[in-house]
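J.: What follows is a structure written as structure tokens; I'll ask about it next.
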Amino acid sequence: MPLGVRMSTGAPEAVSPDLRALLEADPHGCALASAVRAGDGDIVDFTLIYLNEAGSRFLERPAGELIGRTYRQLWPETVTDGSLELYRRVVRDRVPAARTVYHDRASVSGHFEFRVVPFGDGFVARFVDLSKLTLGSQTEGGSRLYDALDAAFDGFALLRAVRDDTGTIVDFTREWVNQIGAKLAGRIVEDLLGRGIVEHPSGPTDIELFPNLRAVVETGDTWQRQLTVPDTSQVWQVKAARVGAAAVAVSYRDITDQVDQQRQLEQSVAQARAAAVRTNALQTVTAALAAAGTPDEVYLAMGTVVRPSAGGQGLAVLLTEPGRLVLRYHAGYEEHVVRQLRELSLSHPYPATGVARTGQPRYLSSPQEFTAAQSDPASAISGGGRSAWAFLPLSSGGQILGTLVIGYRQQRDFDDDERANLMAFSRTAAQALQRALLYQAQLSIAADLQRALLPAVLPTLPGARHAVRYLPWTQGSDVGGDWYDVIQISVDRAALVIGDVAGHSPQAAATMGQLRSALRAYAAAGYPPAEVIRRANEHLLRYEPQAMATCCYLELHLSEGTATVVLAGHPPPILSTGGRAVPLRVKPGPPLGTRRAAYHDQVIALPAGCSLVLYTGGLIEDHRYTVDRGLSELCQAIQAAPVLDPEELVEHILRTGVGPNPRSDDVAILAVTIDDLGPADQSQR
């Protein structure tokens, strides 16, 4: 191997005495490194195998701490700056290379020139600390340094302290300025060299720099800062470091564009964050309003979610009625303001009325604007404790429902983004409110229809008392098919009917109405119970072939003390007597709407003082609750009732929570108590 270098696996290379003497005589730093190769032969690092004394002084570390370690271990901060790749290329291509670099790292700091020559399976590197060179054009290093500084992107100047007789620094003379530095100052180099920065400033920043440059010389601490030129708004990045005992090297660059870009980036980030906050607020408002089913729930969501999301301290909802605005909800408003807002003519100058008429929002940023909006002080609505207002139309589907008013304690300018956000709130609130009002109207219609289909008044039965309850479960326009009836057939005969048409819809309710009318007609015609049910089944098959219903028909013979029962797919009545409550043992027939169905009736005795409870399936069962479990709970509740008065009995059943909870179906209950003894019961006595 050349020059006595011997490569050995796992140990540093040996350096021959002649080569060592040659390198030690060099006044600049010299180092030898051998390649570290991967299994495929690719160079992945270099091991330092020799460092001369000048190099040790250069790196300010003993050679013994460095030799034997790899480049990545010694200077990890510089691995990615291109140096390692340069060394690999020199060894691989066998072509010398030179490079000037500036490092300001924890492991190495300074301005250096490197010359690298291939050497065996490694390289020899000679490195010169340019900061230690004499900065004169007569030296090759100084000349190259001046050329490099003149070609730099940054301004650079070397300033020497000027002291008075007391030794106090009173100025700095410009010993050298590069071309870029003079250009950034708006001068030429000849105008600046040899002149003081205090006596002949190149700009306002020179006077501002002076005390800091003096501190650099006196303390030796590096100074760095951004300076803004007042007249031009230019921003400079300035760095100053002491050179020797009385000189300061100053580098500076115009970073106005970078600062502007950073400001724009910060503004974009702030805008993105604000947009995210607005989006999150709108999502929160939308979720709260979507969950609201009734107008009261919508109003509550407006007060508890919309108002804080909009940043307001007061909120009022005024809805349009013929010729007027009516206050339907308020939060955070003073009582005297609420009294004024209760009802307003649409011609009133209060801004909410104009918004309700035109559908256009209006924003008032100060109390002065609010006062100016209402020309007549005698009729003006008080602003209360608010100083800014947003009047927003509650508009949905082309219909203006009214005005949403949001008040603020502090004056504010409503920018475009805030206005867009507030309008999004009002549109979402209007849609929820319109849906809730429609639901309320549908619910009212459904309730009216339900009441119309069920008997308004039940007949009084001699010797018996009865009570009924109907508990609707359905929502909106859906109407259940459960029904009950008490039909007076003769003086001592009456039919108790309870049933359930499958489904929850206007069609199910209509079918229920037809069945109820048919059963009344057949009962009044004197048909026996089984025939009444058979004819009702035929009626359903003829006129509503797709429908199905269950029914319990119980005919009371009060003078005889008996009852005749027919079941069409319906759960059996509960008989309570002697402190016991049990389901009647009656053979059930198929539901109504079944072809070729046969129905049988069964006669049972009714002891004096007994009670019968008829009910629909929703009371005792659903997909989670079995019939047996529900029947058992119902019997226990009836048996535990303190009295058998029908009204009290029904209330007791409902209080005890029989059956599934929450319910998933309508419930109808019909209870009857037999008071007088018929002949059959008297004979048993």
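J.: Grab the Cα-Cα distance for Ala98 and Leu584, subtract it from 0.36 nm times how many residues apart they are, and report the gain in nm with one decimal.
T.: Here the segment from Ala98 to Leu584 would lengthen by 164.0 nm.
J.: Here's a follow-up. What are the ³J(HN,Hα) values, in whole Hz, obtained from phi via the Karplus relation 6.51 cos²θ - 1.76 cosθ + 1.60 with θ = phi - 60°, for each residue of segment 583-599 in sequence order, with x given for Gly and Pro?
T.: Calculated HN-Hα couplings, in order: x, 5, 7, 10, 5, x, x, x, x, 5, x, 9, 6, 6, 7, 10, 10 Hz.
J.: Got a number for the accessible area of Leu346? Probe 1.4 Å, square angstrom, nearest 10.
T.: My reading of the accessible area for Leu346 is about 40 Å².
J.: Continuing with this model, one more query. With every protein chain left in place and a probe of 1.4 Å, what is the accessible surface of Asp665, to the nearest 10 Å²?
T.: About 40 Å², rounded to the nearest 10.
J.: Where only protein heavy atoms count, and the probe is 1.4 Å, what is the accessible area per residue for segment 154-220 in Å²?
T.: 51 Å²
J.: Let me ask something else. Note down the nm distance, to one decimal, between modelled labels 7 Å out along Cα→Cβ at Leu22 and at Asp376.
T.: 11.0 nm
J.: Based on the Cα atoms of segment 480-630, what semi-axes does the equivalent ellipsoid have, where each is the square root of 5 times one gyration tensor eigenvalue, given in whole Å with the largest first?
T.: Whole-Å semi-axes of the equivalent ellipsoid: 24, 20, 13.
J.: Sequence-distant or interchain residues sharing an amide H contact under 5 Å with Val667, placed H: which?
T.: The list, which skips near neighbours in sequence, is Leu471, Trp473.
J.: What list of ³J(HN,Hα) couplings, whole Hz, do you get for segment 382-391 from phi and the Karplus terms 6.51, -1.76, 1.60, once you set θ to phi - 60° and write x for glycine and proline?
T.: 3J(HN,Hα) across segment 382-391, in whole Hz: 5, x, x, x, 9, 10, 8, 9, 10, 9.
J.: To two decimal places, what compactness ratio does segment 318-361 give when its Cα radius of gyration is scaled by 2.2 N^0.38 Å? Before the final figure, lay out each step's value.
T.: Values: Rg = 10.3 Å, N = 44, 2.2 N^0.38 = 9.3 Å.
Compared with the compact-globule rule of thumb, segment 318-361 sits at 1.11.
J.: In nm, to one decimal, how far is the Val457 label point from the Glu208 one, both placed 7 Å along Cα→Cβ?
T.: According to this spin-label approximation, the distance is 9.7 nm.
J.: What do you reckon, how do Phe172, Phe210 stack up by accessible area (1.4 Å probe), largest on top?
T.: Listed by decreasing accessible area, they come as Phe210, Phe172.
J.: Here's another thing I want to ask about it. What is the distance, in nm, between label points placed 7 Å from the Cα along the Cα-to-Cβ direction at Arg328 and at Ser365?
T.: Between Arg328 and Ser365, the label points sit 3.2 nm apart.
J.: In addition: Subtract the Cα-Cα distance of Ser505 and Thr284 from 0.36 nm times their separation in residues, and report this length gain in nm to one decimal.
T.: 76.2 nm
J.: For segment 455-465, what does the Karplus curve 6.51 cos²θ - 1.76 cosθ + 1.60, with θ = phi - 60°, yield as ³J(HN,Hα) per residue in whole Hz, taken in order and with x for Gly and Pro?
T.: For segment 455-465, the Karplus-derived couplings read x, 6, 9, 9, x, 7, 9, x, x, 8, 10 Hz, x marking Gly and Pro.
J.: On to the next question. Report the extension gain between Ala63 and Ala605 in nm, rounded to one decimal, defined as 0.36 nm multiplied by the number of residues separating them, less their alpha carbon distance.
T.: 183.3 nm
J.: Can you tell me what percent of all Cα-Cα pairs in segment 278-408 are more than 20 Å apart?
T.: Across segment 278-408, Cα pairs with separations above 20 Å total 42 percent.
The values are calculated or read from the model by the stated rules, or taken from the named source; none is laboratory data. These numbers come from a predicted model, not from an experiment. Note that each Cβ is placed from the backbone with ideal geometry, even for glycine, and that neighbours are counted across all protein chains shown. Areas reflect the complete protein model, heavy atoms only, side chains present, ligands, DNA and RNA absent. Shrake-Rupley method; radii C 1.70, N 1.55, O 1.52, S 1.80 Å.
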